[in-house]
Amino acid sequence: MHEETVVASELRKAPSRTQMVATIQETRWKEFTMSLIPVTILTGFLGSGKTTLLNRILEEQHGMYRSAEMMAHPLPKLPSGWPRPAFPICAVKLGAALVLTVQGGQLLAQPAQASDPSLVALQPVTIVGERVLTALEQPAGSASRLDLSVRETPASIEILSQGLLRERGARSVTEAAQAATGVTAGDFPAEPANFSMRGFSNSQINTLYNGLKIGPPNMTSRVMDVGNLDRIEFLKGPASLMSGEGASGGAVNFVTRQPHRGKPQHEINLSAGSFGAVRSGFGSGGTTSVDSLDYRIDLNRSAGKGFINDTRNENWHFSGGLDWYVQPGLKLFGAVEFKKDNSSAYWGTPLVSAAAPGIQGQSGVVSGTYVSGFNGSNLGNVTIDRRTLRTNYNVLDNRNKADEQWLRMGAEWQANTALTLRTQFYRFSADREWFNNEVTAFNAGTGLVDRERFFVAHDQTTVGNKTELQWDTPVGGLSNRLVAALEWADTRFERPGSANFPGDSVSLLDPLRGSFGLLTTQRQTSDISNLALALEDRLVLRPGLALIAGLRHESIALDRSSANAAGVQRTGFPFSKTWRPTTGRLGLTWDVAPELTIYGQYATAADVAANNIFLLRANQPLDLTRTRSLEVGVKQSFWAKRGESTLALYDIVRSNVYAAQGGQALALAGQQVSRGAELSASLRTAQAWRVWGNLAINRTRYEDYAGPGGSLSGNTPPNAPRLVANAGATYRWGGEWPVELSGSLRHVGERFHSDANTVRLAAYTVADAAVSMDLKSSTRLSLRVRNLTDRTYAVWSDPFYPDQVLLGAPRSLELSLGLKF
């Protein structure tokens, strides 16, 4: 919580009008300086209620505050005949003054004239609230340890705040990601919350939780509601400097809501919608009765039946934290999280032969030719049968569930103005289970769907520590900040799984789903020890020009075993392997104008070449891939920070690549080369309009790729569209019950479903729309329509399951209610 003191100084009376001259003074607080942006016209001065006037002021602040309240100080004695306002009013540009003139119930603004001895001073008015930073002002914690803003960091970072997530109607992290620049995502049950950025996906993108890595995302990620999150951070391009092995394509960081200073505030959010979807959440945070102790707790539940027959899901997420300011400069903190999800999942809709008897093809979803690697069936030209758009091919006793727990504690100590020490200990544990029919492959010869079951479970425990020492000291008379970081983590990963993979065949249209059947288990274990040392430095060469460099060296030790049901180790197990990669980043930022920054960077990354590290086998290549990236870009604010835009151009080369071929097969793909451009912009007008949009163009291809059926050089990896674009707008009508209309469009270009590039997922465009009403300043009622045109499209294809594709949800409605108190 921040306080902003606004001084409304000087009143005077004219024969036919009332005037007030108001100025805003810059207020310096303990750790930052804050100032308001220009306010042009305020209405409702005379006789206005406190809440109405505050809302109007906040609207004129271009949405820069939320959860705010106004505390009015007593008015001085006014001249005889003056109408007494409800309380003092505030306005306008920092260090300047306007005359605010009341005429016909409207308060108009014009430049202030020379001082007049008849002017009467007013007491300050204080606005207390959480200031909403612009996108470029937000801290880029996942991109640098140097406590830099997005603007100051020589990399592409996009942050979706909790306010932005609510404004755009995001419910899950997958929905949230799809509004980010150039990001696509899918919730395939084997690898939920899987992202694609700049042509990279799967375990090439690290997923972080409050900056902490727990393993390859295609093994550890789960479907997650956004209700407990403060923000989602997308770092695009090689990110091993921050999160280590596995970040060739970037990193996604989920940050839970944190304790804050100030009066406790509470919120309740409820919603219900199509397909039995319900969400409920409660959050509370602020300063406790112990003045130095702040808290935050959040509890959210989401559930639904799904648009596929006999599917369901339920998710619980509790998070809580305490910050204790022991003394000036010393903070202790602790946090806990409990997450539980349970679903009967949708594993995809099978590709079918367009020429098969009786097939009723659904146009605009897939095209191309395909030969199944599972059953060898040559499907020829493929399509999706429109009669199977809601069909469930999973066994009746299927399940997909996980229980996860986090415990974090640490301290931040500012020893003096130059030295700051931050340390955090953490423990993460998870039990996950998949018990499903996973493969659904159409057989052109029989007209049936061939299936294969699979069982696997995870028992994971990760413990670790991150410690950082920040030193601010001049170098050769130049401002400089150096951060040294030491990180260690130990992971124990046990993986019981099925060893018999029972299979059968069922009808395409009316499958007898059956039960899983006999379960014979095996057990695999992975013990991973990670130790890393990182250095980052920012040297200000001259005002507005900074050199930023970072280097990370780590040691990754793996011990793996794999035994059958009798406990006998498989051939090649147990085995051990140690890697010692060194990665880094070198960048430059230049403020060519007060609100215009250009940057450039060279960055590197490393990840396991042949598989994710949890599943690596001794007979697979054990080297690391090497990735390097060149990037230049521009970050700009304009129109008094009401508008922002960014541009990034990049060239990425990843070498020694192995790619999925279906099932567990892998092939040497040589190099993966990605080039592209990303553009984003947003604008908030005085009060009525908010518009935003982004565009990403990417060309990713393989080089020196000898596939099992011939060369695949020049082909594009799966789920890597050449074009992704988003656009949205919001219009707000003021008044006692303000109404807000919003809409958005999302376009995703064609994608390939496998490295062979013989099957394309068709390009699609979907539209969403919403209307909201603020019944009171703290209550909002909203109605949202998703996929307005009821478009049928394929949203994702998992390269390990190439016989099926994941369809996007059809049109749906959601009614939601949010309360703050």
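If you take the residues in segment 560-608 that are of a type in the set (A, V, I, L, M) and not in a strand (DSSP E or B), which one is surrounded by the most Cβ atoms within 10 Å (Cβ to Cβ)?
Taking the candidates together, the pick is Ala565.
For every residue, the table says whether it meets (1) surrounded by fewer than 16 Cβ atoms within 10 Å (Cβ to Cβ); (2) among the hydrophobic types (A, V, I, L, M, F, W, C).
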| residue | (1), (2) |
| --- | --- |
| Phe338 | yes, yes |
| Ser344 | no, no |
| Val352 | no, yes |
| Gly358 | yes, no |
| Gly373 | no, no |
| Asn378 | yes, no |
| Val382 | no, yes |
| Thr388 | no, no |
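Kindly indicate whether Val439 is touching a Gly at 6+ places or on another chain (Cβ under 9 Å), free of Cβ contacts under 8 Å to residues at least 60 places away in the same chain, closer than 30 Å to Leu379 by Cβ and part of a strand (DSSP E or B).
In short, no.
Quick one: count up the residues across segment 328-355 that are at pLDDT 95 or above and out of contact with any strand residue (DSSP E or B) (no Cβ under 7 Å at 6 or more places or on another chain).
1
What are the residues in segment 685-715 that are more than 24 Å from the chain's Cα centre (by Cα) and over 30 Å from Ser754 (Cβ atoms), if any? Quick ask: steps written out before the conclusion?
Applying the first criterion (more than 24 Å from the chain's Cα centre (by Cα)) to segment 685-715 yields 685-689, 701-715.
Of everything in segment 685-715, those that are more than 24 Å from the chain's Cα centre (by Cα) and over 30 Å from Ser754 (Cβ atoms) turn out to be Thr685, Ala686, Gln687, Ala688, Trp689.
Considering only segment 381-401, how many residues are under 16 Å from Gly808 (Cβ atoms) and part of a strand (DSSP E or B)?
Number satisfying all stated conditions: 1.
Please specify each residue of segment 479-505 satisfying the condition of being crowded, with 16+ Cβ neighbours inside 10 Å and in a loop (DSSP other than H, G, I, E, B).
Result: Pro502, single match.
Only one of (1) surrounded by fewer than 17 Cβ atoms within 10 Å (Cβ to Cβ); (2) over 27 Å from Arg312 (Cα atoms); (3) touching a residue at least 60 places away in the same chain (Cβ under 8 Å) is not met by Thr288, so which one is it?
(3)
Can you find a residue that is small (Gly, Ala, Ser), over 30 Å from Glu412 (Cα atoms) and crowded, with 21+ Cβ neighbours inside 10 Å anywhere in segment 312-323?
Looking through segment 312-323, none of the residues is small (Gly, Ala, Ser), over 30 Å from Glu412 (Cα atoms) and crowded, with 21+ Cβ neighbours inside 10 Å.
Those residues that are in a loop (DSSP other than H, G, I, E, B), touching a Gly at 6+ places or on another chain (Cβ under 9 Å) and in contact (Cβ under 8 Å) with a residue 60 or more places away in the chain, I need them from segment 711-754; list them, please.
The answer is Thr716, Pro717, Asn719, Ala720, Pro721, His753, Ser754.
Can Leu299 be described as surrounded by 17 or more Cβ atoms within 10 Å (Cβ to Cβ), among the aliphatic types (A, V, I, L, M) and more than 20 Å from the chain's Cα centre (by Cα)?
no
The values are calculated or read from the model by the stated rules, or taken from the named source; none is laboratory data. From a predicted model like this one, the values you see are computed outputs, not experimental measurements. Neighbour counts run over all protein chains shown; Cβ positions are idealised from the backbone, glycine included.
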